[in-house]
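*Asks:* The structure's right below; bear with me while I get my questions together.
Only the coordinates and a few stated rules stand behind these numbers; no lab work does. None of the values given here were measured: they were computed from a predicted structure. Virtual Cβ from ideal backbone geometry, glycine too; neighbours counted across all protein chains shown.
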Amino acid sequence: MDGGKKMNLGSLTMDELTGVINRYPWFGAARKELCVRMSKVGGSEWGKAQYSDAAMYVASRTLISDIVRSIVKEDYSDKDVEHLIKEYINPESLRQAQGPSTSVAEPSTSVAEPVEAPEAQQSNSQPAPVPYTRTVRVAGGDFFSAEQYASVRKDEDNVFSNFKSDHYDEPDGRQWEDPEFGFCTETLAAIYADQGYFVEAKKIYSRLILRYPEKS
């Protein structure tokens, strides 16, 4: 490859081919040639890892997979598919899969064998189905239901509700504030001023002056 000369990979020895791959790891054709040679000698020293590594450097992984399949010599044809399908849909195999027939025998005319006997025998052999109830567990959910909480709740459990006054009086420091301007900061005033709302900006600044006179 040096000096613009073409390289015949087939004429290289194994040591020379390995040296080319070590010098040019991205050379996919050289890696493919090495895979072909290893497959011809039996490939006992190589495994799936080496073939998978070589497949990353070729244009199509099919080039390497074809080499691997030529080594295994497995039959990938579908010649036995028809036989397998017929065996699968065979009525005899279906009857074996379904188990013994549960059809009720015809009632006998003999007095000693009542008609209800087969049905009673069938009902005794097959237990009644149990209704299925699904329990859903949610990650982060509560372990106890509302009914379980109600069964153990006491009057003295509501500790925090005893500290709540009947009529909540707003602090005197906030009674003078306009609810629209309850949240007053210099940043908010600057935003109003930048957007042209100078009246609102002045209201916020006036409230900040009253609230923090030391900063005025």
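*Asks:* How big is segment 2-72 on each of its three principal axes, counting only the C-alpha atoms and giving the largest first in Å?
*Replies:* Reported extents, whole Å, longest axis first: 40, 23, 16.
*Asks:* So, R0 is 35 Å and r is the distance between the beta-carbons of ASP15 and TYR88; what FRET efficiency does that work out to, to 0.05?
*Replies:* Efficiency computed from Cβ-Cβ geometry: 0.05.
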